[in-house]
């Protein structure tokens, strides 16, 4: 969304948002469906107190793992925790404000290409009411696919269904045009 807000959609044909934080996670007076700031501050405090334990527990919520629901294997949970632990502790801490408090609403309002929004109805990491349902209202022409039984880590637990939705959505892109756009992007200098 930030790319579109800054550069527009001239080089973009379609967009897919999967378990996205868009448009604005933080609860404010003008964003009543958002998440209370205390939640983000609690995450940061837990990262400072015992980062490995927090990330291990976070992975369980990420995939919806509980005593009665084993969405992914224990090894996959460990793998996820290890990936998170490889990130810089400072970056992990700072990303909480980045994903929790960055307002993308103006950027979302500039999206004017077909947009597929896929989100899990049981997502505790990025609650659907604070994200996907609001993004669906802001993005003109969006198509929402809400998987009622999915959590945030749906890319692992619902990969076949996501794949089918992505192929259906992007399937009619002209391969030649897509290849040309990809080549053009690789020729462009990186900018900040």
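The values are calculated or read from the model by the stated rules, or taken from the named source; none is laboratory data. These numbers were taken from a predicted model, which means no experiment stands behind them. Neighbour counts run over all protein chains shown; Cβ positions are idealised from the backbone, glycine included.
Data table
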| item | result |
| --- | --- |
| Some residue of the range 53-67 being surrounded by fewer than 19 Cβ atoms within 10 Å (Cβ to Cβ) and assigned to a loop (DSSP other than H, G, I, E, B) | yes |
| Selection status of residue 17, in contact with a strand residue (DSSP E or B) (Cβ under 6 Å, 6 or more places away or on another chain), within 26 Å of residue 168 (Cβ to Cβ) and either modelled with pLDDT of 95 or more or outside any strand (DSSP E or B) (or both) | yes |
| Positions within the range 111-161 being under 14 Å from the mean Cα position of the chain (by Cα), more than 14 Å from residue 71 (Cα to Cα), assigned to a helix (DSSP H, G or I) and touching a residue at least 24 places away in the same chain (Cβ under 8 Å), in sequence order | 129, 130, 132, 133, 134, 135 |
| Every pair of residues 6+ apart whose Cβ atoms lie under 6 Å, when the first sits in the range 75-93 and is touching a residue at least 60 places away in the same chain (Cβ under 8 Å) while the second is surrounded by 12 or more Cβ atoms within 10 Å (Cβ to Cβ) | 80/59 |
| Contacts under 8 angstrom Cβ, first residue in the range 1-21 being at positive phi and free of Cβ contacts under 8 Å to residues at least 12 places away in the same chain, partner surrounded by 15 or more Cβ atoms within 10 Å (Cβ to Cβ) and not in a strand (DSSP E or B), 6 or more apart | none |
